[in-house]
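The structure appears right after this line, and notes come after that.
The values are calculated or read from the model by the stated rules, or taken from the named source; none is laboratory data. Because the structure is predicted, anything quoted here is derived from the model rather than measured. Positions of Cβ are generated from backbone atoms using ideal geometry, with glycine treated the same way; all protein chains shown enter the neighbour counts. Surface areas here come from the heavy atoms of the whole protein model, side chains and all, with no ligands, DNA or RNA. Shrake-Rupley method; radii C 1.70, N 1.55, O 1.52, S 1.80 Å.
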Amino acid sequence: MSEPVAAKVLVVEDNRTMLALMQYYLSKDFTVFLARSAEEALEVLQREQLHAVVSDQNLGDGLMGVDLLKRVSELQPHAARILVTASQKLEDAQKAINEARVNHFLTKPFTEQELKNTVGQAVHNAALVAIRDKMVQELKEQLGLRPAKPAAGRSPPSSTRIKTVEPRAPDAKGGNQPLIPESERLAFRDGLTGLYNHRYFQEALSAGLLSARRREQKLMLVLVDIDGFRRFNLSRGYAEGDKLLRRVAQLVTELMEDPVTHARSDNSSEIAARYDWDVFGVVLCNADVERARTYAEKLRKAVEELDFPEGTGGGQGEVTVSAAISVFPDPARSEQDLISFAEKALRASKLVGPNRVVIANQG
């Protein structure tokens, strides 16, 4: 298996000492390009396809970092944009977000670990956005969406961007609404549960593992299987089976929260997906085994206590799930290991009995 290509990161800083220090910190994990001015940075942007740009706010050449990052958003919109600043004013942050679509901030003074974590997370999130855009584009091509054709005998000027013609659906007032959000949903969302689909899950897991390796962090994969789902479908009917899948999927996402603060995770790199027919996959980044176990146990208990079908007062344990947790980088050393260990642990657990949580390769 070939080594993944290192992400390309441009660092823009007019202080030579700080520039050299940031290069030293980041060069182990990324291919680093350096620029001491906005002019030098724009030259790099013209010749290199970048994954992230880290820019100090005060560049000393008449152009502010937020202005440079605004140009980055226009020239390379998929590149993550990180602004380094000493300001803690809310209005400065709002301007950076609104005008330059800045994704991340680094406040001076910062540590080596803060720099690595911020850049690593920014690169990872940018990779997920690129994956989504690629899947949406593929779907549009499959649906036969084409760029608008110019009028006969006329060709669009070279500076004109050709707009894509999107199908439109009638709204409640009889008008037409673009179906862009629908095409995006179809590209990487499961139609029944609303969770990410299997293909997006695989792509996001690969990106997550690359980020975990780069940042020397752990990654947890949790596979959750509804016990006896085939029997449930046969006895209750497929319509009720679909309702159950949607209800469990709702719990899968609701319980992805911080175990200490109980705040819902806003980490876009942590995802829940419909892995198989009645199996859900959850990726927890930078998490330890205890956090994954706590999450899985809370989910198991919540499903066990479901009143399903709703309003029937069904007995506790009428519906249950089994869950298996696989850990990267130990014992799983690769994506294949991570998935294989979790699947084997899930199968072995269900042979012993339903309604349990197991850790892969730990009995």
Pick from segment 42-88, criterion among the aliphatic types (A, V, I, L, M) and part of a helix (DSSP H, G or I), ranking: most open to solvent (accessible area, probe 1.4 Å): LEU75
Select from segment 25-41 the residues that are polar (S, T, N, Q) and within 17 Å of LYS116 (Cβ to Cβ) and write down the one among them that is surrounded by the most Cβ atoms within 10 Å (Cβ to Cβ). THR31
Considering each of VAL54, VAL72, VAL32 in turn, give the residue that is among the aliphatic types (A, V, I, L, M), closer than 28 Å to GLY208 by Cα, in contact (Cβ under 8 Å) with a residue 40 or more places away in the chain and in contact with a Leu (Cβ under 9 Å, 6 or more places away or on another chain). VAL54
Quick one: is VAL9 open to solvent by less than 70 Å² (accessible area, probe 1.4 Å), touching a Phe, Trp or Tyr at 6+ places or on another chain (Cβ under 7 Å) and either among the hydrophobic types (A, V, I, L, M, F, W, C) or in a loop (DSSP other than H, G, I, E, B) (or both)? yes
Inspect segment 89-100 for any residue being open to solvent by 50 Å² or more (accessible area, probe 1.4 Å), within 23 Å of ALA130 (Cβ to Cβ) and acidic (Asp, Glu) and give the result as yes or no. yes
Within segment 246-275, which residues are closer than 18 Å to HIS198 by Cβ and either at pLDDT 90 or above or assigned to a strand (DSSP E or B) (or both)? ARG246, VAL248, ALA249, VAL252, THR253, ILE271, ALA272, ALA273, ARG274, TYR275
Tell me the residue from SER206, SER211 that is loosely packed, with under 15 Cβ neighbours inside 10 Å and closer than 30 Å to LYS116 by Cα, please. SER206
